[in-house]
Amino acid sequence: MEHYIIALDIGTQGTKCELFDSAMNVVAGAFETSRLISPKPGTVYQEADDMYGSCVRTIKEVVEKTNVRPESICAIGCDGQMAGIIGVDADGEAATYYDSWLDTRCGKYVDEMKTRAGKRILEITGSPVSYTHGPKILWWKHECPDVYRNVCKFVLPHNYVTGKMCGIRGDEAVFDSTCIHFSGFGDNLRKEWSGELLQLFEIDPCKMGRIVNPFDCIGKTTKAFAQECGLVGGIPVVAGAGDTSASTFGSGMFRKGVLLDCAGTSSSLCCVVDEYRPDTEHETMIQMPLPVDGLWAPLAYMNGAGLCIRWFRDEFTGTPNVSYDALAEEAEHIPPGSDGILFVPHFSGRVLPNNPHVKGSFIGLDWKHTRAHLYRAILEGIAYEYAYYHDVLQRLFPEMRFDHVDIVGGGANSSLFASIKSDVLGIPVRTLKQSEAALLGTAVIAACGVQLLDDYKPLLYQRSLEAKTFQPNEQRHRSYENYAREYLNLIRALEDIYRSDIYAL
């Protein structure tokens, strides 16, 4: 009997489900758009059970599409958003909504953690303090004490969903180790909770989920879950990884000298190292643990860079919206630098280095500028931020040289975007034949977790073959170096303006 794996990706823009066969080929897929709730600036959340329901519905759709016998599904794996948090009660049900990584209400607790612990948090967790788990947990504790008291454990979205699949109670809830850098209270090197940080901020250790390896089998599907989505009870469920960690793993990133661009809602740039080296100088690169023990991915990301592109299309191209391909075709004829327009993609503040006093901006507008200029400027602004990340990586790991950049995620579908990144960075950029690396990585993790797959490296290397390579143009690169420098100057110049009362958070 053929064996199959179900892989789920709980993203910001939507939930994806794919069914893989034992050779890790995609048999069928389904997608459901997320319901982001944002009643006012700075507030962004999702209902936890919307997330769970989207997983149930997409699994059911895939099963019905394929007519695969439910008994032949041997494992379920799940990845999800990494920097937001959910509180569960004693029964394992949601005690809070999903406090999104896009939500900035915890800003004052970001400042508090920096003031009280300085760079000690970065040294222990591998990440500068930002709008992530630690400040969010403090926000719940001090702003919503009744809710906080009812929280048994704080968990990640994919761990919440897999817990519901298996009927895991709150006191047994798990926390995926690939997200520990965002926790604010986790020891990244030892993969355990830091007694020092928990004590400093007076957080009860009992409220933190049990840290597990992504390959660990955490339980089996209940009959109730099986009835909801057309499966059978007793299917092993694997812990899974954070979406960016799963993407990095799924793209075959096990070797040094390669940069990976995860071009999604949260666009990130990273590499792979086998040494834990926190960025205490620039406070920009995060030490993200990979699913493979002993490997980390120094990484920096933008909150909602992909959302900036979607926002422009949805709000400024009419009804029905113009396609991304049509916008790229228009922008391709605009010269590098968009005739003097600079775009700042930090609509909800700059995450790394953390600066809440930055907003999305177009600068340099003139009567001659068109929709195509603005669209190209958005792509270039994201690439300029990457140029800064690349510079910090070189300073943090001076012994490393990067010979190319691999792109995965939705942004890999744009030849114009890939070409701009290559010219800005001055490095060849490759798109991969397997662009949806998170789901592949999650499927492979699940297959390994149930011993369906022993050696994942040959398979992932084979899937990471290039589809197309974009070589940098030296003349355009020199031109872009000037714009990338002015982009950083612009962020500094705008800070005082965005600190004014009219932009108060």
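For the stretch 53-85, how many residues are closer than 26 Å to residue 205 by Cα and surrounded by fewer than 24 Cβ atoms within 10 Å (Cβ to Cβ)? Walk me through it before giving the result.
Of all residues in the stretch 53-85, those closer than 26 Å to residue 205 by Cα come to 78-85.
Next, only the ones that are surrounded by fewer than 24 Cβ atoms within 10 Å (Cβ to Cβ) stay: none.
Matching residues across the stretch 53-85 total 0.
Would you be able to tell me the number of residues in the stretch 272-285 that are modelled with pLDDT of 95 or more and open to solvent by less than 10 Å² (accessible area, probe 1.4 Å)?
3
Listed residues 154, 201, 185; which is over 30 Å from residue 70 (Cβ atoms) and in contact with a Ser or Thr (Cβ under 7 Å, 6 or more places away or on another chain)?
185
Taking the stretch 109-122 on its own, how many of its residues are part of a helix (DSSP H, G or I) and surrounded by 15 or more Cβ atoms within 10 Å (Cβ to Cβ)?
Total meeting the criteria: 9.
Go through the stretch 411-422 and give me each residue that's of a type in the set (A, V, I, L, M, F, W, C), over 21 Å from the mean Cα position of the chain (by Cα) and open to solvent by less than 10 Å² (accessible area, probe 1.4 Å). Even if it seems obvious, please write down each step before you answer.
To start, the set of residues in the stretch 411-422 that are of a type in the set (A, V, I, L, M, F, W, C) comprises 412, 416-418, 420.
Of the ones still in play, those that are also over 21 Å from the mean Cα position of the chain (by Cα) are 416, 420.
Of everything in the stretch 411-422, just one residue is of a type in the set (A, V, I, L, M, F, W, C), over 21 Å from the mean Cα position of the chain (by Cα) and open to solvent by less than 10 Å² (accessible area, probe 1.4 Å), namely 420.
Which condition number does residue 376 fail, the rest of (1) surrounded by fewer than 23 Cβ atoms within 10 Å (Cβ to Cβ); (2) modelled with pLDDT of 95 or more; (3) under 25 Å from residue 477 (Cβ atoms) being met?
(1)
Does residue 330 satisfy being surrounded by fewer than 22 Cβ atoms within 10 Å (Cβ to Cβ), modelled with pLDDT of 95 or more and either among the polar types (S, T, N, Q) or not in a loop (DSSP other than H, G, I, E, B) (or both)?
So residue 330 passes the test.
Checking the conditions here, which among 310, 350, 371 is open to solvent by 60 Å² or more (accessible area, probe 1.4 Å), under 18 Å from the mean Cα position of the chain (by Cα) and closer than 29 Å to residue 477 by Cβ?
310
Can you pull out every residue in the stretch 291-303 that is surrounded by 24 or more Cβ atoms within 10 Å (Cβ to Cβ) and assigned to a loop (DSSP other than H, G, I, E, B)?
Those that are surrounded by 24 or more Cβ atoms within 10 Å (Cβ to Cβ) and assigned to a loop (DSSP other than H, G, I, E, B): 291, 302, 303.
With 158, 133, 142, 181 as the choices, which residue is within 13 Å of residue 48 (Cβ to Cβ) and touching a helix residue (DSSP H, G or I) at 6+ places or on another chain (Cβ under 9 Å)?
Details: 133 fails: within 13 Å of residue 48 (Cβ to Cβ); 142 fails: within 13 Å of residue 48 (Cβ to Cβ); 181 fails: within 13 Å of residue 48 (Cβ to Cβ).
Step by step, each of 158, 133, 142, 181 is checked, and only 158 is within 13 Å of residue 48 (Cβ to Cβ) and touching a helix residue (DSSP H, G or I) at 6+ places or on another chain (Cβ under 9 Å).
Within the stretch 32-51, track down each residue that is hydroxyl-bearing (Ser, Thr, Tyr), open to solvent by 20 Å² or more (accessible area, probe 1.4 Å) and under 19 Å from the mean Cα position of the chain (by Cα).
33, 34, 45
Inspect all residues belonging to the stretch 14-31 and state whether any of them is open to solvent by less than 10 Å² (accessible area, probe 1.4 Å), at pLDDT 95 or above, β-branched (Val, Ile, Thr) and farther than 22 Å from residue 180 by Cα.
Yes, because at least one residue in the stretch 14-31 is open to solvent by less than 10 Å² (accessible area, probe 1.4 Å), at pLDDT 95 or above, β-branched (Val, Ile, Thr) and farther than 22 Å from residue 180 by Cα.
Considering the stretch 162-184 alone, what residues qualify as being in contact with a strand residue (DSSP E or B) (Cβ under 6 Å, 6 or more places away or on another chain) and closer than 27 Å to residue 301 by Cα?
Within the stretch 162-184, 162, 174, 175, 177, 178, 179, 180, 181 qualify.
Output the residues belonging to the stretch 241-258 that are surrounded by fewer than 24 Cβ atoms within 10 Å (Cβ to Cβ) and either under 16 Å from the mean Cα position of the chain (by Cα) or among the small types (Gly, Ala, Ser) (or both).
257, the sole residue that qualifies.
Please specify each residue of the stretch 390-410 satisfying the condition of being surrounded by 24 or more Cβ atoms within 10 Å (Cβ to Cβ) and either polar (S, T, N, Q) or in a helix (DSSP H, G or I) (or both).
393
Restrict the check to the stretch 88-101 and report whether at least one residue is open to solvent by 30 Å² or more (accessible area, probe 1.4 Å), hydrophobic (A, V, I, L, M, F, W, C), under 19 Å from the mean Cα position of the chain (by Cα) and modelled with pLDDT under 95.
No, the stretch 88-101 has no match at all.
Determine the pairs where a residue that is touching a residue at least 24 places away in the same chain (Cβ under 8 Å) and under 13 Å from residue 254 (Cα atoms), located within the stretch 457-473, has a partner that is surrounded by 13 or more Cβ atoms within 10 Å (Cβ to Cβ) and aromatic (Phe, Trp, Tyr) with Cβ atoms under 9 Å apart, the partner being 6 or more residues away or on another chain.
457/254; 460/249; 460/254; 461/254
Are there any pairs, at least 6 apart or on different chains, whose C-beta atoms fall under 8 Å, with the first in the stretch 145-158 and modelled with pLDDT of 95 or more and the second assigned to a helix (DSSP H, G or I) and of a type in the set (Val, Ile, Thr), and if so, which?
Matching pairs, first to second residue: 154/137.
Report, ordered by the first and then the second residue, all pairs with beta carbons closer than 7 Å, sequence separation of six or more or different chains, a first member in the stretch 436-455 that is of a type in the set (Ser, Thr, Tyr), and a second member that is open to solvent by 10 Å² or more (accessible area, probe 1.4 Å).
Within 7 Å, the pairs are 442/9.
State yes or no: is residue 499 surrounded by fewer than 21 Cβ atoms within 10 Å (Cβ to Cβ), among the charged types (D, E, K, R) and free of Cβ contacts under 8 Å to residues at least 40 places away in the same chain?
Here the answer is no, as residue 499 does not meet what is asked.
The values are calculated or read from the model by the stated rules, or taken from the named source; none is laboratory data. Computed from a prediction, not measured in an experiment: that's the story for all the values here. Quick reminder, even Gly has a Cβ in these numbers, built from the backbone with ideal geometry, and neighbours come from all protein chains shown. Only protein heavy atoms, including side chains, enter the accessible area calculation; ligands, DNA and RNA are left aside. Shrake-Rupley method; radii C 1.70, N 1.55, O 1.52, S 1.80 Å.
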